[in-house]
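Here, each number is a calculation from the coordinates, and none is a lab measurement. Remember, it's a predicted structure, so these values are computed and weren't measured experimentally. Cβ: placed from backbone, ideal geometry, glycine included. Neighbour counts: every protein chain shown.
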Amino acid sequence: MADGPVNAIWLLHGVNLDMLGVRDPGHYGRITLAQLESQVVEDGAARGFEVRCFQTNHEGDFVEKVHQIAREGAAAVIVNAGAWTHYSYAIRDALELVDAPLAEVHLSAVEEREGWRRRSVIADLAAVRVSGKGAAGYAEALAALATAIEGGEAS
């Protein structure tokens with residue numbers, strides 16, 4: 001794939017994540033998407049990475065963004081695809097094109113929720129998987145990806 005920015009980490013959020021802080025705070029917390037993104041951008045900068053954020057409720061737009069990342073390159077990708085995680089093979093196939101380590105993150109403990117949420121069609125692509133740790137899960141994923149990048153490991 002393309003030689004993209006070696007210090008760019010993409011933070012991708014899928015369907016309904018723009019409603020963080022409003023949608024079911026018992027599962028997702030009260031943090032807003034803007035607050036979460038700001039936190040990850042700051043954590044990334046402290047590690048020498050430029051975190052670029054993207055969120056959409058439109059599956060095709062998500063796929064197009066992943067295609068752009070695959071063409072342009074990135075150091076890593078952190079993805080919370082929301083409900084698409086559990087059934088979107090279009091998103092899975094797009095993520096497979098990205099030649100960089102991938103972290104799959106979920107705010108809630110999906111493995112303890114409804115049966116359909118326990119299945120991830122992108123799990124086999126992820127170098128790192130974090131769920132049930134709220135916003136702190138993003139910091140954990142970022143740290144693990146940074147270690148993988150610094151160690152020269154690729155997905």
Relative contact order, percent, segment 8-150 [alpha-carbon distance under 8 Å, six or more residues apart]: 26
Farthest positive-ward along segment 8-150 dipole, Cα basis, beta-carbon charges - from A100, L125, T85: T85
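Please pull out the direction-averaged projected area of segment 58-97, using the convex hull of its alpha-carbon atoms, in nm² to one decimal place.
Numbers: hull surface 10.6 nm².
That works out to 2.7 nm².
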Where only alpha carbons of segment 8-150 are counted, the Rg and the Dmax (Å): 13.7, 39
Total charge dipole magnitude, segment 8-150, about the Cα centre, Cβ charges on Lys, Arg, Asp, Glu only, Debye to nearest 20: 320
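Note the full-extension length gain between H58 and E150 as 0.36 nm times their separation in residues minus their Cα-Cα distance, in nm to one decimal. Provide the component values of the computation, followed by the final result.
Values: separation 92, 0.36 × 92 = 33.12 nm, distance 3.34 nm.
Difference between extended and current length: 29.8 nm.
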